[in-house]
Amino acid sequence: MFIDAYQEGFKGVCRLGFSGYVRCMSGRISASRASAVRAAQQAKAARDAVRLKRERQVESALADFYEQTGRAEHLRATARARAEKILAEAETAALEPERLAREAVGKLADLGEPRDQIAELTGLSLPEVRTVLAEVAEAGRPGSGDRRDTDAIATAGPDPGGATTGCGDAAGGEPAQG
């Protein structure tokens, strides 16, 4: 009984409230506890303000990162598209000079140059020379009335009079061998 009365009396003096604060007989939080709670809330608010400021800075930095990364990728994609267009135009423009170069190799063969010499003079490999000569033979021999390629092949190999070579691996001014 004494213990029951003691417990009952203690409940009346100090009760543990719902929020965890100790309430005394009057049902109020003690002044020192309330002051401590206010100080804790102010410290937490200051810490939360610093944390919120930092989080905003992190968010801003990440937004800058993603924005600038996107811009860089867009610039690269635009440049890549332009480069592909320029390369396509260059490939189209190079078709005629390549055709004339193949005809010049055919002209060297028509002038009696052996394939290994054509390869040495032009810098092509022997299989490449064979392929080019096969393509030229398939398309028809150069020089059959078309004189446009005469200037293009003048520097590609020796002329029938034994002049010097104008390109290839041989040094300039050496007599052509045939």
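FYI, it's all coordinate maths here, none of it is from the lab. Owing to the predicted nature of the structure, the values given are computational and were not obtained by experimental measurement. All Cβ positions, even for glycine, are placed from backbone atoms using ideal geometry, and neighbour counts span all protein chains on display.
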The correct count of residues that are within 13 Å of A137 (Cα to Cα) and buried (at least 21 other Cβ atoms within 10 Å of the Cβ) in region 110-124 is 0
> Looking at this structure, is E113 among the acidic types (D, E) and part of a helix (DSSP H, G or I)?
Replying inline: no
| Is it the case that some residue within region 71-83 is surrounded by 10 or more Cβ atoms within 10 Å (Cβ to Cβ), out of contact with any Leu (no Cβ under 7 Å at 6 or more places or on another chain) and under 30 Å from E128 (Cβ atoms)? | yes
Result of the Cβ filter at 8 Å on region 80-97, keeping first residues that are at negative phi and of a type in the set (G, A, S) and partners that are surrounded by fewer than 10 Cβ atoms within 10 Å (Cβ to Cβ) and not in a helix (DSSP H, G or I), at least 6 apart or interchain, is none
